[in-house]
Amino acid sequence: MKIGIIGTGHIGKTLVRTLSAAGHEVRVANSRGPDTIDAELLANGAQAATTAAAMQQADVVILSIPLLRLRDIAPLVQALPPDTVVIDTSNYYPVRDGTIDGIEAGQVESLWVADVLGRPVVKAWNAIGSDSFARKGQAAGSPGRIAIPVAADDARARAIGIGLVNDTGFDGFDAGGLADSWRQQPGAPGYCTDLTSGDLGPALAAAQRERLAKRRDLAVAVMQERLGDPTTNPDADFGVRLTRAINM
Ligand SMILES: NC(=O)c1ccc[n+]([C@@H]2O[C@H](COP(=O)([O-])OP(=O)(O)OC[C@H]3O[C@@H](n4cnc5c(N)ncnc54)[C@H](OP(=O)(O)O)[C@@H]3O)[C@@H](O)[C@H]2O)c1
């Protein structure tokens, strides 16, 4: 598949490595231009590009940039052909994104994203911590393989998202439509808790919407106290112990 990946940060870099290693034709962009992309990231055959070029002729475009920055690239996303599948990895963190009134008023994050982009999205890879994502992928069928929820309204797009999650080393888990995707948002039992497919379904079902924001902010406060710097991501051991203690 031809895949355009926008963002080479904590999540984007692992998307580039794993999807190009799986044989996909990957073009990748960040905000600073193709010359700034690490050669090491291109070792499996991915090509550095501008954001517009990364999206051009892609079957799938994966957006892995801060939620607030999605507005910057909305015009490019809107211009994509209707059958291009757009996957978004983002989460809303007020400490990073500022206050977004619609989401604060209860709008599901992925529906807010779809409004900003002017087209439907697949929500995937938002509920795995960056260190787990980089280090805990396993071959399909491996015992204990971690599952990642994938939500979308369009069945074809969701199936493509599930297949690509599998290609990155995790069980793609069918989490249904976007209206229910608050169940995989920060603060939920299935968010960054590294569950298997067998445990993820009950965790999504157990989510309590009114508790998500408080639990998200508790996790951020603890991480900031422990790590000092809000841009540093926790290692998987600490991150998963923390989110399990707060969210489950
Ligand atoms: N970190 C996690 O554990 C985690 C887990 C799941 C989901 N997520 C979500 O996934 C998204 C990405 O997170 P991250 O931690 O990977 O972020 P990050 O490390 O801060 O990286 C962000 C990337 O986005 C690029 N970018 C920003 N604005 C852009 C624009 N207008 N055009 C093109 N590229 C742009 C940046 O480019 P430069 O390199 O040029 O600055 C950078 O490569 C966020 O929404 C986050 O909430 C994160």
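The values are calculated or read from the model by the stated rules, or taken from the named source; none is laboratory data. Quick caveat, the model's predicted, so the values are computed rather than measured. Cβ: placed from backbone, ideal geometry, glycine included. Neighbour counts: every protein chain shown. For accessibility, only protein heavy atoms count, side chains too; no ligands or nucleic acids. Shrake-Rupley method; radii C 1.70, N 1.55, O 1.52, S 1.80 Å.
Mind listing whichever residues of the stretch 1-10 are open to solvent by 30 Å² or more (accessible area, probe 1.4 Å) and either touching a strand residue (DSSP E or B) at 6+ places or on another chain (Cβ under 9 Å) or over 13 Å from LEU63 (Cα atoms) (or both)?
Scanning the stretch 1-10 gives MET1, LYS2, THR8.
Restricting to the stretch 169-210, give me the number of residues that are surrounded by fewer than 16 Cβ atoms within 10 Å (Cβ to Cβ) and among the basic types (Lys, Arg).
1
Return a yes/no flag: does the stretch 142-162 have any residue that is in a helix (DSSP H, G or I) and within 15 Å of the ligand (Cβ to nearest atom).
So far as the stretch 142-162 goes, yes, one or more of its residues are in a helix (DSSP H, G or I) and within 15 Å of the ligand (Cβ to nearest atom).
Name the pairs whose Cβ atoms lie under 7 Å apart, with the first residue in the stretch 87-100 and more than 28 Å from GLY163 (Cβ to Cβ) and more than 7 Å from the ligand (Cβ to nearest atom), the second part of a helix (DSSP H, G or I) and among the β-branched types (Val, Ile, Thr), and 6 or more positions between them or separate chains?
Filtered contacts from the stretch 87-100: VAL95/VAL220.
Please give the number of the condition ARG69 fails out of (1) open to solvent by 60 Å² or more (accessible area, probe 1.4 Å); (2) farther than 26 Å from ARG156 by Cα; (3) in contact with a Gly (Cβ under 8 Å, 6 or more places away or on another chain).
Every listed condition holds for ARG69 apart from (3).
Search the stretch 29-65 for residues being more than 15 Å from ILE6 (Cβ to Cβ) and of a type in the set (A, V, I, L, M), and hand back the single one that is surrounded by the fewest Cβ atoms within 10 Å (Cβ to Cβ).
The qualifying residue surrounded by the fewest Cβ atoms within 10 Å (Cβ to Cβ) is ALA39.
Could you tell me which numbered condition TYR93 fails, if it satisfies all but one of (1) over 17 Å from the mean Cα position of the chain (by Cα); (2) on the phi < 0 side of the Ramachandran plot?
Failing condition for TYR93: (1).
Considering the stretch 230-243 alone, what residues qualify as being open to solvent by 60 Å² or more (accessible area, probe 1.4 Å) and either in a loop (DSSP other than H, G, I, E, B) or on the phi > 0 side of the Ramachandran plot (or both)?
Residues satisfying the conditions are PRO230, THR231, THR232, ASN233, ASP235.
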